[in-house]
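Please read the structure below before turning to the comments.
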Amino acid sequence: MEYLVIIALVAGGLIWLSGSDKKSINSPRESRRPTRDNGVRVQVSSSGDSIGRRNTRRKLSRNFRQFWLPAGRATTVQDYSLDGGLLYVGRDLASVDGYRTEPALIDPNLKVDRARPARDGAGMDYWPAYADIGPRCRAAYLEWLAKGRKDPRAYIGYVFLYFYGLERRLLHDHRSGADDPEERLAIRAEVERLLQLYGDNRSFARYAEEFLAAIELGGGDRDLTNAPPVSATSGHEIPASLKVGLGQFSKAGKPIPAEWALAWVIHHPEIRLRTPARRCPSEFRALFESLYRERHGEGIVVKPNKTPVRAQYHPASGGMRGAVDLYKGPALPDITILKRPRTLLTDIAEQATDKLDSYSRFLGKDGNGRESLHAVALLPTELAGSVDHPGLKALRATLDRHAEGREWTFVPVGELIEDFPVDKPDRFSKKESVLLAQLLEKTGYGMEPDVRFSGLKPDPDEQLVVFRQDHDAPSAPSPAFEAAALVMRLAAMVSVADGEVSSAEEQHLEHHIETSLSLEAGERSRLHAHKEWQLRHDRGMAGLKAQIGELSESQRGTVGEYLVAIAAADGHVDPGEVKILQKLYKQLGLDPERVVSDLHGVSAGPVTVKPATPQQGYSIPEQPGRRAAAAEPTPEGGRSALDPDALQRKLAETTQVSTLLHGVFGEEDGSDESGEPAEADDASVPTIDGLDTEHSALLRRLGEHDSWERDALEKLAHHHGLMLDGALDTINEAAFDHCDAPCIEEDGDLYALDREIYQEMVQ
């Protein structure tokens, strides 16, 4: 009997306990919104009262899927309506590493301070976990989720907390038997959406891009060579999917396409992209791919190496310690560790950033000027075909209308600058002259005069000679062109001195162009245009003194004799030609009276000097001891003492004169007597923190003056084996590291040195 009483009491107690437990769960104070996942009911509380911990653990921990809300599934937590799913909701879910509660798990029973949400993330840890953050932070996080997870001002820690759950679902749950291809696509789309919203945060962008690469790999043997991974920013290591894809190209012996090479460059931690690549990412990508295809066609082929790819992902979540192995397919070579292909790609990246430097610096000063014609003018010519600018279209139409299919034509300057802003309409600055020439290049035309080649700026009241040219035509004069152009200018000055240019004189000028050294096709086209402009416009002696000042006495004499031969090419010499010859002789440092005796060098007797008026004029007396040759009739019916053989021999010296001047310009351009470029001896110059030997030496030279003209700076940079724009960019980046300010900046037509910044860098 006693046993029966005890059993009854125990049974009654159990019944009472069961009823009490049920009453607690079904209390009217609770607002229950049950959700279902794979047939398991999840109770979500909005009051903060406790759900029976043992009962919840028993129900929810049997299968991890019971915590996961799939895409599109809605629930309510603490009166916040959370739509869209892709969340962990529940209690007592251990983290993957087993040392804590899953950081992404939203426990609906934890306190939330709806009245004071910490939208600024105050109190959040570096590796946050929902269970550990305070009530105010939980309120702000739930609020962000409830508003669509899209507020661009959201504290990035809340974005990461949500991201932790996506990491766990893909890298742990899917590998434990919950893999769902549709869900994989949903998670990928969600991460791409978050990247669009919060990609400005470099930390989040890095993790999101690497996670997208992990999604691409999928843990299987897949062909990843269709498209490279997302490459919005560089990271600390190359994404796993990029390594696998490059390895697949190498193993198959296939060339690496331009877009894959670009992704390799952007993501390689040892390739440091300069400011133009970061400031102008779309232009850099287009230019890099263009240069890569131009140099390597379909792409470089990299032979497989012995080091295999190790594809790993380092989760952002504090609940997943260590790296996760992603690739489990056949062994692939890790070609990203090879030095030679990296060097090839770095060279192309440097070339692209050099070409973009001026454009980048312009945008750095005028962030809203991307659509201006000045910005278009500064774009590399390789990108001209992709420019859709109404002003550029109008300019091209104007040039095509004037050219009418011809190789060159005259165009009034005023028509070209209608939509091109200049500071002073009555005259061009050197900078504006360069911009106008660069703008015409984008339309497939060149112009003369071009200040970059001749030092002569266009006059707004004049006409330019515009001519067709390829996009890869030179944008700076070679020593050979400088020599030929100087001879052309001097010869043209002599040819127009009598007020007309004879057919014989013009034919010789054409002969000079065709026989002047080994000029490129683009240089010959420019020299033709320069000849046409020079024969119509007289700029006097401007700039000549600097060009011929370095000639030796014998070299000047040879040039003088050549000019005399040009004057006598038509069989007679006009007083105006004698006058200009005497002026040029004076510029050459020769005795002006020597003109008369040099004229005898191409004559067999007196050379006719045509009178300017019937009352004026003179003839050159026959040089003593010279025998007269058979005279030839002239168009006027007179007789000329011109010796055709002597003249031909003298005219044949065109190439010799150009070669002579080429040697002079070559020396000025930093060449030694062997013709090889001379290199600066920078080894003994102390280096400056943040700069290598060459850039340190250049900066110390810059300190010699407070301002520099661009031409002088270009020669100085070339002397140190550097490209000017890239060198200035490197120096200014070091200056920002030192002093948070640039050391040298553009100031109109000059470059100004900040003496205070300079002293701080070199001390």
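Each residue of region 420-431 was assigned a 3J(HN,Hα) from its phi angle through the Karplus expression (A = 6.51, B = -1.76, C = 1.60, θ = phi - 60°), giving 10, x, 10, 5, 10, x, 8, 7, 9, 7, 4, 4 Hz with x at Gly and Pro.
Can you flag which of Lys442/Lys579; Lys150/Lys328; Lys306/Lys355; Lys355/Lys457; Lys339/Lys431 are past 31 Å Cα-Cα?
Details: Lys442/Lys579 42 Å; Lys150/Lys328 35 Å; Lys306/Lys355 37 Å; Lys355/Lys457 23 Å; Lys339/Lys431 40 Å.
Pairs exceeding the cut-off: Lys442/Lys579; Lys150/Lys328; Lys306/Lys355; Lys339/Lys431.
Taking the accessible area of region 371-489, probe 1.4 Å, and keeping the other protein chains in place, the carbon and sulfur fraction comes to 48%. Solvent-accessible area per residue in region 99-154 equals 52 Å², computed with a 1.4 angstrom probe and all protein chains kept.
The Cα center of region 184-210 and the Cα center of region 404-469 differ in position by 48 Å. Net charge of the neighbourhood of Glu270, taken over other residues with C-beta under 10 Å away and scored Lys/Arg +1, Asp/Glu -1, is +3.
The magnitude of the dipole of region 90-139, with charges of +1 and -1 set on the Cβ of Lys/Arg and Asp/Glu and taken from the Cα centre, is near 340 debye. Note on Asp334: accessible area is roughly 10 Å² with a 1.4 Å probe, heavy atoms of protein only. What you get for region 238-284, charging only the Cβ of Lys and Arg (+1) and of Asp and Glu (-1), is a dipole of about 100 debye around the Cα centre. Annotation for region 246-282: trypsin sites (Lys or Arg not before Pro) lying in DSSP loop with at most 12 further Cβ atoms inside 10 Å of their Cβ are Arg272. Have a look at Pro330, Ala311, Ser358 and report the one farthest towards the positive end of the charge dipole of region 304-358, computed about the Cα centre with Cβ charges (Lys/Arg +1, Asp/Glu -1). Positive-end residue among those listed: Pro330. For the listed peptides 580-586, 562-568, a ranking on the average number of other beta carbons within 10 Å per residue, highest first, reads 562-568, 580-586. Peptides 695-706, 524-535, 398-409 ranked from most to least packed by the mean count of surrounding Cβ atoms within 10 Å: 524-535, 695-706, 398-409.
When each of the peptides 182-188, 244-250, 442-448, 428-434 is scored by the mean number of other C-beta atoms lying within 10 Å of its residues, the order from highest to lowest reads 244-250, 442-448, 428-434, 182-188.
The values are calculated or read from the model by the stated rules, or taken from the named source; none is laboratory data. Keep in mind the model is a prediction, meaning the values are calculated, not measured. Note: ideal-geometry Cβ built from the backbone for every residue, glycine included; neighbour counts use all protein chains shown. Quick note on the areas: whole protein, heavy atoms, side chains included, nothing else; ligands and nucleic acids left out. Shrake-Rupley method; radii C 1.70, N 1.55, O 1.52, S 1.80 Å.
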